[in-house]
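J.: Quick one: the structure is below, questions incoming.
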């Protein structure tokens, strides 16, 4: 990945999302701006100027001048005093993405750091050094101060870290100094302004958001494919998915969903056999898939658009701008733009689990499905997938708690100097938890829809629906007798989360729209 400060795209991070390896390279064109910004910092320091973040304390202590001989200690003290994170560690993939994002922001040449620091950050990443970063402790206002301090502190030898080897294996957490030694890295020593430059930013909520948006993009396609397989199993109608209806509704999300489902159902003999049956209308969980999944697609498009802009944003404070020769104390570190869209992402994603659970009920309930009760060939002696619907219901209900917005909350910090905060990391963590649940919930529907397909196999399914069925059958056998079901449900989740389901379906249908 070649970094310029302005060229990152969301899909650039797919290898890191999937746990793959990546090497960073800094484009030489950025060094002129970095060196010019650093020269401004050193000029102010040499002149003895009182400039926030360069020669003063931080937050409420902004008016306390610090002597020149103490500036290195000031930066060290800033980092260690801000390492107050608590809770479980962030997922490694999110920390790795945050490392890239923080470096990319510094390359814009307005943060006042040394060229040697950005080179060091790239080397830290390339040698697989990954700080252990507690998930809780950020209010998302003056940057993600606590988690980013843990990232910086590990490079300074404080806390813990892990090593990602060249074969992709990950070490157990170890003392940060031991991890530095293992990676062949020196302990980082910061100079004026650099500690603040490393921790004043929204890279933690942004990194979590990148993972969530990429997962949600996969889910957007997977949900349509799984709904198609459920439509096959329930012999639903394809008429509500016609393009003319999307044009009448004037809704792009509906159009994309309907197009995906039509592609998945192309050449279906199952639906053709059902054209003249006595069902006048399908239930909403089938008939309104374009509207429900389409609303999710609309929300996802907005979230992607905002997050894409943030990938190459400057989030530092103060900004040392060679272009004007000025030092700006502003608020680019504030996480409200991210906090709001991550709440929105969680809200939209909940919808997929809600409607999926209703389709599971349609599949397992014999009064609705006209299939064997709970999709077992031997109902009574065997319970089949009866309780799988309970699990889907539990997940959908739990999501409603996580959907409560974090971005509407604020608690003043730093003696009321920072009197409005975004709670962006909380929004990001909730979105991740919702996505975990929705992947599991759609996995349950996939298992149930594939089992229901066993009772209509005398007729050819649509290309995409059949591909979804076959993807599930790679890891889960048809249910003949009751068995220990938890591994089946985990396999359904993994089929979706790994991207394998969408890959198999798109191989049969061509590219789907997200």
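The values are calculated or read from the model by the stated rules, or taken from the named source; none is laboratory data. As the structure is a computational prediction, the values presented were derived from the model and not from experiment. FYI the Cβ positions are ideal-geometry reconstructions off the backbone, even for glycines, and counts take in every protein chain you see.
J.: Test each condition in (1) in contact with a helix residue (DSSP H, G or I) (Cβ under 8 Å, 6 or more places away or on another chain); (2) surrounded by fewer than 18 Cβ atoms within 10 Å (Cβ to Cβ) for residue 65 and report the one that comes out false.
T.: (1)
J.: Oh, and also: Going through segment 335-388 one residue at a time, which ones are part of a loop (DSSP other than H, G, I, E, B) and in contact with a helix residue (DSSP H, G or I) (Cβ under 9 Å, 6 or more places away or on another chain)?
T.: If the condition is that a residue be part of a loop (DSSP other than H, G, I, E, B) and in contact with a helix residue (DSSP H, G or I) (Cβ under 9 Å, 6 or more places away or on another chain), then 335, 365, 370, 371, 372, 376, 377, 380, 383, 384, 385 are the ones that fit.
J.: Okay, next question. Among the residues of segment 172-204, write down those that are in contact with a helix residue (DSSP H, G or I) (Cβ under 7 Å, 6 or more places away or on another chain) and outside any loop (DSSP other than H, G, I, E, B).
T.: Passing the criteria: 176, 194, 195, 196, 197, 198, 199, 203, 204.
J.: Next question, about the same structure. Test residue 185 against the stated conditions and say whether it is modelled with pLDDT of 95 or more and in contact with a strand residue (DSSP E or B) (Cβ under 9 Å, 6 or more places away or on another chain).
T.: So residue 185 fits the description; yes.
J.: Considering every residue within segment 337-351, establish whether at least one is crowded, with 23+ Cβ neighbours inside 10 Å and either at pLDDT below 95 or touching a strand residue (DSSP E or B) at 6+ places or on another chain (Cβ under 8 Å) (or both).
T.: No, there is no match, as no residue in segment 337-351 is crowded, with 23+ Cβ neighbours inside 10 Å and either at pLDDT below 95 or touching a strand residue (DSSP E or B) at 6+ places or on another chain (Cβ under 8 Å) (or both).
J.: Can you confirm whether residue 505 is under 22 Å from residue 253 (Cα atoms) and either in the same structural domain as residue 400 (by TED's automatic domain parsing) or part of a loop (DSSP other than H, G, I, E, B) (or both)?
T.: yes
J.: On to the next question. Looking for something over 30 Å from the mean Cα position of the chain (by Cα) and either assigned by TED's automatic domain parsing to the domain that holds residue 34 or farther than 24 Å from residue 281 by Cα (or both) - is there at least one such residue anywhere in segment 331-350?
T.: The answer is no, given that none of the residues of segment 331-350 is over 30 Å from the mean Cα position of the chain (by Cα) and either assigned by TED's automatic domain parsing to the domain that holds residue 34 or farther than 24 Å from residue 281 by Cα (or both).
J.: Let me ask something additional. Among the candidates 84, 113, 80, 95, single out the residue that is assigned to a loop (DSSP other than H, G, I, E, B), touching a residue at least 40 places away in the same chain (Cβ under 8 Å), in the same structural domain as residue 16 (by TED's automatic domain parsing) and under 29 Å from residue 411 (Cα atoms).
T.: 84
Matching residues to (1) over 28 Å from residue 212 (Cβ atoms); (2) assigned by TED's automatic domain parsing to the domain that holds residue 138; (3) at pLDDT below 95:
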position: 396; (1), (2), (3): no, no, no
position: 409; (1), (2), (3): no, no, yes
position: 424; (1), (2), (3): no, no, yes
position: 432; (1), (2), (3): no, no, no
position: 441; (1), (2), (3): no, no, no
position: 451; (1), (2), (3): yes, no, no
position: 458; (1), (2), (3): yes, no, yes
position: 479; (1), (2), (3): yes, no, no
position: 482; (1), (2), (3): yes, no, no
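J.: Further, regarding this structure: Can you give me the number of residues within segment 21-58 that are modelled with pLDDT under 90, outside any loop (DSSP other than H, G, I, E, B) and surrounded by fewer than 14 Cβ atoms within 10 Å (Cβ to Cβ)?
T.: Matching residues across segment 21-58 total 2.
J.: Tell me the residue from 219, 300, 265, 231 that is within 26 Å of the chain's Cα centre (by Cα) and crowded, with 23+ Cβ neighbours inside 10 Å, please.
T.: Selected residue: 219, the only one of 219, 300, 265, 231 that is within 26 Å of the chain's Cα centre (by Cα) and crowded, with 23+ Cβ neighbours inside 10 Å.
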